[in-house]
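Please read the structure below before turning to the comments.
Every number here is computed from the coordinates shown, using simple stated rules; none is lab data. Given the structure is predicted, the values throughout are model-derived calculations rather than measurements. Methodologically, a virtual Cβ is constructed for each residue, glycine included, from the backbone with ideal geometry; neighbour enumeration extends over all protein chains shown.
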Amino acid sequence: MATSSEIIPTICGICDAGCAVDIHLVDGKIERLTPMRNHPHGIICPRGTRVAEIVYAPDRLLYPQRRVGPRGAGRFERISWDEAYAFWVEKLQALKAEYGPESICMYTGRGNFEFGVQETFPPAGTSESSASSILFPFGSPNSTGVGALCFVAYGMIAPQACYGEHYRHVSDDLDNADLILIWGANPATDSPPTNLARAKNALRRGARVVVIDHRRSETAKAIRAEWLGIRPGTDGALALGICHVMIQEKLYDADFVGHWTHGFAELADYVAAFTPARVEAITG
């Protein structure tokens, strides 16, 4: 029997990077994704290469299911959404009446990355937080999840601490930088993969790219960058040593520091002990 094939240009939806890809369909089903040619973001990450496995995974949940056997037996039956809603309304109200609203805890997330912290601290004006629309009005503050390093740390906690607001990212100007420091990241294996292509382009135009990692990572190998291998767990000492040198040699913007920062004098006092010789002994 003849098969039909089709290639559809689109954007990968696994994360929010918007990588341009071509979907290869065979008889209407995804066979694979490939980077879109001649597109600045035509790139694909390891998760993108496995998209067919994600979509057609035999254990992927598509509908509500209710346990029909003893706990742990793994036996479930499919039910309708209306049945699921009715069950949970009845169950939640019964638990609230007997134990109080704080007896309820919500664990949230999705296949791409978890949303536990976002559920607890949703940005004003958004409507995607089930905690704000259901759990908090119900009377429980207990929203949880496993904090994803990429999203929770970079997307939420860091900008909240630095700028007082979620999602206020500092965009890396890799396309114009003369020095690119890749530290605590591995764009050759991570999503979004766009920064790997940007780092490669920077090397071609003459920029210096340095990777700091306790192992020679996939990124260091992929772009043949300078690799600074340090002992595991000594990143903090290296960072403090860099601060020491920058302060001692006055390699910082004094006007900016004086106008926009607090505690700089205390920082300078603290890092004074992290001389290059001491840091070298710590980091290897």
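Anyone know which of LEU135, LEU61, LEU181 comes out most mobile in the 10 Å Cα GNM of the chain?
Evaluated over the chain, the most mobile residue of the options is LEU61.
For the chain, modelled as a Gaussian network with Cα springs under 10 Å, which listed residue fluctuates most, PRO35, PRO192, PRO232?
PRO232
Would you kindly state the longest site-free stretch of the chain, with sites defined as trypsin sites (Lys or Arg not before Pro) in a DSSP loop (not H, G, I, E, B) surrounded by at most 13 other Cβ atoms within 10 Å?
Formally, the longest exposed-site-free interval is 111-167.
How far apart, in nm, are the 7 Å Cα→Cβ label points at LEU203 and ASP82?
Inter-label distance under the simple model: 6.0 nm.
Compute the longest continuous run of the chain that contains no exposed GluC sites (Glu not before Pro); treat a site as exposed when its DSSP state is not H, G, I, E or B and it has at most 13 other Cβ atoms within 10 Å.
Values: sites that count: GLU128, GLU165, GLU249.
Value returned for the longest uninterrupted segment is 1-127.
Of GLY184, GLY74, GLY100, which has the largest mean-square fluctuation in a 10 Å C-alpha GNM of the chain?
GLY74
Taking R0 as 22 Å, what FRET efficiency do you get between ARG32 and ALA222 from their Cβ-Cβ distance, rounded to the nearest 0.05?
About 0.55, to the nearest 0.05.
Out of these labelled values of Rg and Dmax of the Cα atoms in Å, (1) 20.5, 73; (2) 24.8, 77; (3) 19.1, 57, which was calculated from the coordinates shown here?
Only one option fits the structure, namely (2).
Please list, in chain and number order, the residues 5+ apart from ARG32 or on another chain whose amide H is under 5 Å from its amide H, with Hs placed from the backbone.
HIS24
Points 7 angstrom from Cα along the Cβ direction at LYS250 and VAL210: gap in nanometres?
Roughly 2.2 nm, to one decimal.
Quick check: the distance between the Cα centres of region 259-284 and region 57-81, to the nearest angstrom?
Cα centres, region 259-284 to region 57-81: 55 Å.
So how far, in whole Å, is the C-alpha centre of region 14-33 from the one of region 187-207?
22 Å
Would you please classify the overall shape of region 5-55 from the alpha carbon gyration tensor, given that a ≥ b ≥ c denote the square roots of the eigenvalues, rounded means a/c under 1.5, and beyond that prolate means a/b larger than b/c while oblate covers the rest?
Oblate, since a/c reaches 1.5 and b/c is not below a/b.
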